[in-house]
Structure formats: C-alpha cells, structure tokens
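Every number here is computed from the coordinates shown, using simple stated rules; none is lab data. What you see is a predicted model, and the numbers here were worked out from it, not measured in a lab. Here the Cβ is made from the backbone with ideal geometry for all residues, glycine too, and neighbour counts use every protein chain on show.
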Amino acid sequence: MKKVPICTRILPEWEREISRLIESTGLNRSEILEDAIALYLKKTRRTKSLSRIEALERRVDAIAALVVKG
C-alpha cells in the first residue's frame, strides 16, 4: 500500500476550514492562524521554557492538531 503524504491528506481539509473561518469571522488568514496557534500553545503550555526548535515544533504540532480536529 502506497503511503499518502500528510500534506495531501490534510491540506484540502485545512483550506476548507480556513475559508469557513474567514467567511464567518471576517478575519484574514494570518489573524486566524495566529489566534489558533496562540490558543493551542496556551492550552498546552509547559512550565519550563522552550528552546527555539521546540517552540517551532510546537507550532507545527498546533497547526496539525487544528487541521485534524477540523
């Protein structure tokens, strides 16, 4: 069985969700992404400080979680 890249599975759903949020909230794409990432990071905050790499990884995880969650 051939593996399907995650971007092929998630991006169409991600685009639909972003478009729906743009229409319903009136915010632009950047504002929606910033709000979503900030909310996710706030919910999953650690007590120790993060390195720059860890922070970037968390942002990527945040985006992936939002897409999967829909």
Per-residue ³J(HN,Hα) for segment 9-23, Karplus 6.51 cos²θ - 1.76 cosθ + 1.60, θ = phi - 60°, Hz, x for Gly and Pro
7, 9, 4, x, 5, 4, 4, 4, 5, 4, 4, 4, 5, 4, 5
Using a Förster distance of 30 angstrom, determine the FRET efficiency expected from the C-beta separation of residue 42 and residue 10, and round it to 0.05.
0.85
